[in-house]
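No value in this document is a laboratory result; all are computed from the given coordinates. Everything numeric in this text was worked out from a predicted model, so none of it was measured. Glycine also receives a Cβ, built like all others from the backbone with ideal geometry; neighbour counts cover every protein chain displayed.
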Amino acid sequence: MAKLSHYKKGGKVRMVDVTAKSVTERTAVAHGFVRMSHAVLAKVRRLETPKGNPLEVARIAGIAAAKRTAELIPLCHPLPLTHIDVTTRLCENGVEISTRVTATARTGVEMEALCAASVAALTIYDMCKALDKGMEITDIYLVEKIGGKSGRYRRPGASGKVFR
């Protein structure tokens, strides 16, 4: 098993030194889900929510979150992102979120994709909470990452839309 990379001897945290790593194209895909009642989902479908279109606002919020990940997660490197895509899909019991982030950099963009999915889900909750505070944010996970020293990772059994 690999060791945790953000620790020095004695348990002190550190930012990983990526100076010697190669600059390569790196991509990550993440997933999130907001579970909601059929009544709330019907209002989202008809854009009858108190604050406007939650899906479009969530898309923009996810893009903004990916760009600011290094400000939110203390040991993340700020990265020059070259592409961010956030999509939402209405399902039978909620809203599925898919994010894809790409950069040409020395370290991966998994945290940026996960941050985008998380903030998009939080935004949907915020936009719809006046209708039902019992919604659930679930299933935030990395679907796939491509590039870098460790190569490709694909979550076993991952379902949902994967961008191509």
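Under 5 Å from the amide H of Thr82 lie the amide H atoms of Thr102, Ala103, Thr104, each residue being 5 or more positions distant or on a separate chain, with H modelled from the backbone and absent for Pro and chain starts. Helices assigned as whole DSSP H runs in the chain whose Cα atoms extend at least 24 Å along their own long axis and whose mean Kyte-Doolittle hydropathy is 1.0 or higher are found at 110-128.
Dipole magnitude for the stretch 23-150: about 160 debye, using +1 per Lys or Arg Cβ and -1 per Asp or Glu Cβ, origin at the Cα centre.
Centre-to-centre, using Cα atoms only, the stretch 133-149 and the stretch 44-66 are separated by 18 Å.
Computed packing ranks the peptides 55-67, 39-51, 111-123 as 111-123, 55-67, 39-51, most packed first, by mean other Cβ atoms within 10 Å.
For the stretch 23-37, 3J(HN,Hα) computed residue by residue from phi via the Karplus equation (6.51, -1.76, 1.60; θ = phi - 60°) reads 7, 9, 6, 10, 9, 9, 10, 10, 10, x, 8, 10, 7, 8, 5 Hz, glycine and proline entered as x. Summarising the amide proton neighbourhood of Gly94: residues at separation of 5 or more, or on other chains, whose placed amide H is nearer than 5 Å comprise Met36. Computing FRET efficiency as 1/(1 + (r/R0)^6) for Thr19 and Arg155, where r is the C-beta to C-beta distance and R0 is 25 Å, gives about 0.25.
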